[in-house]
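Contents: one structure, followed by commentary.
The values are calculated or read from the model by the stated rules, or taken from the named source; none is laboratory data. Because the structure is a prediction, the values reported are computed rather than measured. Glycine also receives a Cβ, built like all others from the backbone with ideal geometry; neighbour counts cover every protein chain displayed. What goes into the accessible areas is simple: the full protein's heavy atoms, side chains included, and nothing from ligands, DNA or RNA. Shrake-Rupley method; radii C 1.70, N 1.55, O 1.52, S 1.80 Å.
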Amino acid sequence: NDIKSIKQQLAYSNKRIAELDKLIENLYIDKVNGTIPQSAFDRLVQKYEAEHTELAEKTAALKIKLEETAKVKDDVGRWIEIMKSYMKSGEIDRTLLISLIDTITVGEVHEENGEKVRDVKIKYNFIGEI
């Protein structure tokens, strides 16, 4: 759904940018032909260019978000495939751990409620820290 929504937003932004380009072009033609006063021309060009700049920035951000979302989707798909293949065997072996775990961080020992505790964080490949 996220990918579909982002693609729809991108399509709208690109369409609107093309419309703004055409509007600005027509304004210049009207200015050259003398059919629009200078004050109206200045105001409209400023308005259209501001919207154009805003949409261009939004489009760039949406493209980055689309790439990130697609990567996350691919990573989760790979994670699921690896899990399915190893669920059949029912054993956790070295190969499984290497393919699933990116890093393990072991923290310092500290006390909580009078007990010694150590934080352990596991960062998995494809899906990050859980």
Please determine whether any residue of the stretch 43-56 is in a helix (DSSP H, G or I), closer than 19 Å to Ile17 by Cα, open to solvent by 60 Å² or more (accessible area, probe 1.4 Å) and basic (Lys, Arg). yes
Residue tally, condition open to solvent by less than 80 Å² (accessible area, probe 1.4 Å) and outside any helix (DSSP H, G or I), over the stretch 7-36: 2
Quick one: in the stretch 80-130, which of the residues that are part of a loop (DSSP other than H, G, I, E, B) and of a type in the set (Asp, Glu) is least open to solvent (accessible area, probe 1.4 Å)? Asp93
Determine which member of the set Glu91, Glu108 is more than 30 Å from Lys15 (Cβ to Cβ), of a type in the set (Asp, Glu) and at pLDDT 90 or above. Glu108
